[in-house]
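The values are calculated or read from the model by the stated rules, or taken from the named source; none is laboratory data. If you're wondering where the values come from, they're calculated on a predicted model, not measured in any experiment. Neighbour counts run over all protein chains shown; Cβ positions are idealised from the backbone, glycine included. Ligands, DNA and RNA are stripped out before the accessible areas are found, and what is left, the full protein with its side chains, is counted by its heavy atoms. Shrake-Rupley method; radii C 1.70, N 1.55, O 1.52, S 1.80 Å.
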Amino acid sequence: MTQDAEPIAGRTDPMEERWVSLAREGNEDAFASLVRAHQDRLYHVALRLVGHPADAQDAVQESLLQVWQHLDGFRGEAQFSTWVMRILINRCHNVLRARKLTVPLPDDIGSAEGLPQAPSAEDLAVRAQRRDAVRAAVLSLPFDQRAPLVLTVFGGYTHAETGRILGISETAAKVRAHRGRKTLLARLQEWR
């Protein structure tokens with residue numbers, strides 16, 4: 001398993017357990033290894049939740065700082081990645097509550113791969129409008145629908161993992177993600 005790989009649901013990564021143990025003892029190198037293993041996934045989830053790269057970076061940094069300061073509070077009842085993601089979700093929720101505004105996601109997210117070599121200006125404009133509509137629709141979802149949808153679709157978490165991260169049941173995670181998808185489809189009907 002590579003450093004960036006997520007352990008199989010229910011299993012813990014022995015290397016990660018070792019890093020957590022060493023980090024609890026104050027080993028900064030072990031904590032740096034934990035950060036490297038999780039920072040990209042944390043950032044991608046945060047970006048899709050808060051919609052702005054600077055806010056996402058701040059949320060990840062503040063979350064990791066909180067993890068470092070409260071590592072002794074990690075009891076190991078869940079995977080470390082689940083615990084960290086839960087802290088990030090709470091931080092993102094706080095950012096959104098403080099902001100009270102919906103901001104469109106930046107243009108550099110989700111750019112389509114495999115575009116024709118020379119798309120027409122009209123094609124580019126339509127694609128940009130469609131992408132902006134999707135971003136705005138995702139960001140307009142209520143947070144209780146957006147978080148499970150982002151975790152499962154963009155974060156690659158299962159519904160069970162999403163439920164553990166959000167502190168809800170697997171069924172509730174499924175239902176909320178499904179409601180989010182349904183709401184998105186309704187809001188994006190004109191783009192079908």
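Quick notes on this one:
- Scanning the range 54-86 for residues that are open to solvent by less than 20 Å² (accessible area, probe 1.4 Å) and either under 13 Å from the mean Cα position of the chain (by Cα) or not assigned by TED's automatic domain parsing to the domain that holds Leu34 (or both) returns Ala56, Ala59, Val60, Ser63, Ser81, Thr82, Val84, Met85.
- Residue count for the range 122-179, restricted to those that are among the small types (Gly, Ala, Ser), surrounded by 15 or more Cβ atoms within 10 Å (Cβ to Cβ) and under 18 Å from Val50 (Cβ atoms): 4
- Residue in the range 9-53 that is most open to solvent (accessible area, probe 1.4 Å), counting only those that are polar (S, T, N, Q) and assigned to a helix (DSSP H, G or I): Gln39
- Residue ID - modelled with the lowest pLDDT, chosen from residues in the range 4-54 that are hydrophobic (A, V, I, L, M, F, W, C) and under 24 Å from Asp144 (Cα atoms): Ala9
- Flag if Asp107 is outside any helix (DSSP H, G or I) and either surrounded by 13 or more Cβ atoms within 10 Å (Cβ to Cβ) or modelled with pLDDT under 90 (or both): yes
- Of all residues in the range 136-171, exactly one satisfies the criterion of being without any contact (Cβ under 8 Å) to a residue 40 or more places away in the chain, among the small types (Gly, Ala, Ser) and touching an Asp or Glu at 6+ places or on another chain (Cβ under 9 Å), namely Gly163.
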